[in-house]
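K.L.:
Structure provided below as structure tokens; questions to follow.
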Amino acid sequence: MGHIRSDETVASALRDSDAGMSDADNAVKHGVAIKTIRRWRREYQRRGRVRGQAHLLAKCPRCDGAHLDPEAYAELLGWYLGDGHISLGGRGVYSLHIFNDAKYVGLNTGLLELMRRVKPGCRPHTRNAPGVVITTVGWKHWPCLFPQHGPGRKHERQLRLEDWQREIIATHPGDFLRGLFHSDGCRSNNWATRVVRGVKKRYDYPRWQFVNHSADIRRWCSEALDRLGIPWRQSSWKCISVSTRAGVARLDELIGPKQ
Ligand SMILES: [Zn+2]
């Protein structure tokens, strides 16, 4: 034991693991000990250590001038500001974690794709907590892309967008709103009564609401809505509501269903 496995063996085992193969089956298939499979998963999947030349595929848009997919970035920024968290692991590698309700299977699958678009060649993975799916991917450069990362909770400190971030979300406000509303928003039915010809009638109408404790994040949400001409109002100190028929229809179109 202890000799170096070929890159192909490691890559093949990680692919099988990503596809859901158990560590025991994976060990048998690749002729290695279960603990070896676990070590590979720990190093490459969770900590995001790069294998072989893979790091060449994920240069940093900020440090190395790599291309950044602006639509994917705007949306991932929305998710990060809503329900994301960055943690520092071993060897200076940060992990970006996005928390989302487990019932939104389509959105959780979409998050994997979104991360791959922002960090080409990456292998995000998911973990289940009660009622929640946590999608995670490691990269040394997450703080470059999300400089809002810092000590303490987001709503307890002042947040600022850098100019390049402002430019991206000003150009792609719909993508930014999709991330925000899917992480910290909901689409629900509200109802009201109105007297029509002396008869009290109840009518239902859908609305989108975005709830966040950070005044900065709420302001960026309302600015993106303004940019798209979608009427909104502050319905409580932490909640932004879109409830006009045209506004809800436009958001439905931009954001898509929660599924
Ligand atoms: Zn960087």
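K.L.:
Which count do you get for residues in the range 185-209 that are in contact with a Ser or Thr (Cβ under 6 Å, 6 or more places away or on another chain) and either surrounded by 10 or more Cβ atoms within 10 Å (Cβ to Cβ) or polar (S, T, N, Q) (or both)? Spell out how you get there, then give the answer.
P.N.:
Keep residues of the range 185-209 that are in contact with a Ser or Thr (Cβ under 6 Å, 6 or more places away or on another chain), which gives 200, 202, 207, 209.
This time we only want the ones that are either surrounded by 10 or more Cβ atoms within 10 Å (Cβ to Cβ) or polar (S, T, N, Q) (or both), so: 207, 209.
The total comes to 2.
K.L.:
Could you grab me the full set of residues in the range 62-102 that are within 16 Å of the ligand (Cβ to nearest atom), part of a strand (DSSP E or B) and open to solvent by less than 40 Å² (accessible area, probe 1.4 Å)?
P.N.:
Matches in the range 62-102: Ile86, Ser95, Leu96.
K.L.:
Same structure again: Scanning the range 80-116 for residues that are closer than 28 Å to Asp216 by Cβ and among the polar types (S, T, N, Q), which turns out farthest from the chain's Cα centre (by Cα)?
P.N.:
Residue satisfying both the conditions and the ranking: Ser87.
K.L.:
May I ask you to list the residues in the range 204-234 that are in a strand (DSSP E or B) and closer than 22 Å to Pro257 by Cα?
P.N.:
Residues of the range 204-234 that are in a strand (DSSP E or B), as a first pass: 204-211, 233-234.
Of everything in the range 204-234, those that are in a strand (DSSP E or B) and closer than 22 Å to Pro257 by Cα turn out to be Asp204, Tyr205, Pro206, Arg207, Trp208, Gln209, Phe210, Val211, Arg233.
K.L.:
A further question follows. Somewhere in the range 124-141, is a residue assigned to a helix (DSSP H, G or I) and either modelled with pLDDT of 95 or more or on the phi < 0 side of the Ramachandran plot (or both)? Steps first, answer last, please.
P.N.:
Of the residues in the range 124-141, the ones assigned to a helix (DSSP H, G or I) are none.
Taking every residue of the range 124-141 in turn, none turns out to be assigned to a helix (DSSP H, G or I) and either modelled with pLDDT of 95 or more or on the phi < 0 side of the Ramachandran plot (or both).
K.L.:
Now for a separate question. I need a count of the residues in the range 142-182 that are assigned to a helix (DSSP H, G or I), among the basic types (Lys, Arg) and under 23 Å from Gly65 (Cα atoms).
P.N.:
Within the range 142-182, the first condition is being assigned to a helix (DSSP H, G or I), and the residues that meet it are 142-145, 154-156, 163-171, 173-182.
Of the ones still in play, those that are also among the basic types (Lys, Arg) are 154, 166, 178.
Filter once more, so that each one left must be under 23 Å from Gly65 (Cα atoms): 166.
Summing the residues that are assigned to a helix (DSSP H, G or I), among the basic types (Lys, Arg) and under 23 Å from Gly65 (Cα atoms) in the range 142-182 gives 1.
K.L.:
With (1) out of contact with any Gly (no Cβ under 7 Å at 6 or more places or on another chain); (2) more than 16 Å from the ligand (Cβ to nearest atom) as the list, and Leu254 as the residue in question, which single condition is left unmet?
P.N.:
The single condition Leu254 does not satisfy is (1).
K.L.:
Scan the range 103-144 for residues that are open to solvent by 70 Å² or more (accessible area, probe 1.4 Å) and within 16 Å of the ligand (Cβ to nearest atom) and report the count.
P.N.:
Looking only at that region, the number is 1.
K.L.:
Here is a follow-up. Here is a list: Gly229, Gly247, Gly179. Which entry is open to solvent by 10 Å² or more (accessible area, probe 1.4 Å) and among the small types (Gly, Ala, Ser)?
P.N.:
On the way: Gly247 fails: open to solvent by 10 Å² or more (accessible area, probe 1.4 Å); Gly179 fails: open to solvent by 10 Å² or more (accessible area, probe 1.4 Å).
Going through Gly229, Gly247, Gly179 in turn, just one is open to solvent by 10 Å² or more (accessible area, probe 1.4 Å) and among the small types (Gly, Ala, Ser): Gly229.
K.L.:
Separate question: Of everything in the range 145-169, what is within 12 Å of the ligand (Cβ to nearest atom) and either more than 19 Å from the chain's Cα centre (by Cα) or of a type in the set (Asp, Glu) (or both)? Give them in sequence order.
P.N.:
Those that are within 12 Å of the ligand (Cβ to nearest atom) and either more than 19 Å from the chain's Cα centre (by Cα) or of a type in the set (Asp, Glu) (or both): none in the range 145-169.
K.L.:
Determine if the range 181-193 includes at least one residue that is within 16 Å of the ligand (Cβ to nearest atom), more than 16 Å from Leu96 (Cα to Cα), out of contact with any Leu (no Cβ under 7 Å at 6 or more places or on another chain) and not charged (D, E, K, R). Before the answer, list the steps.
P.N.:
In the first step, residues of the range 181-193 are kept if they are within 16 Å of the ligand (Cβ to nearest atom); the result is none.
Checked the range 181-193: no residue is within 16 Å of the ligand (Cβ to nearest atom), more than 16 Å from Leu96 (Cα to Cα), out of contact with any Leu (no Cβ under 7 Å at 6 or more places or on another chain) and not charged (D, E, K, R).
K.L.:
Further question on the same structure: Can you tell me which of (1) in contact with a His (Cβ under 7 Å, 6 or more places away or on another chain); (2) assigned to a strand (DSSP E or B); (3) not β-branched (Val, Ile, Thr) is the one Arg187 doesn't meet?
P.N.:
Result: Arg187 fails condition (1) only.
K.L.:
For the range 232-244, how many residues are open to solvent by less than 80 Å² (accessible area, probe 1.4 Å) and under 23 Å from His155 (Cβ atoms)?
P.N.:
Filtering the range 232-244 down to residues open to solvent by less than 80 Å² (accessible area, probe 1.4 Å) leaves 235-236, 238-244.
Of the ones still in play, those that are also under 23 Å from His155 (Cβ atoms) are 235-236, 238-242.
Of the residues in the range 232-244, 7 are open to solvent by less than 80 Å² (accessible area, probe 1.4 Å) and under 23 Å from His155 (Cβ atoms).
The values are calculated or read from the model by the stated rules, or taken from the named source; none is laboratory data. From a predicted model like this one, the values you see are computed outputs, not experimental measurements. Positions of Cβ are generated from backbone atoms using ideal geometry, with glycine treated the same way; all protein chains shown enter the neighbour counts. The accessibility values were calculated without ligands, DNA or RNA, using every heavy atom of the protein model including side chains. Shrake-Rupley method; radii C 1.70, N 1.55, O 1.52, S 1.80 Å.
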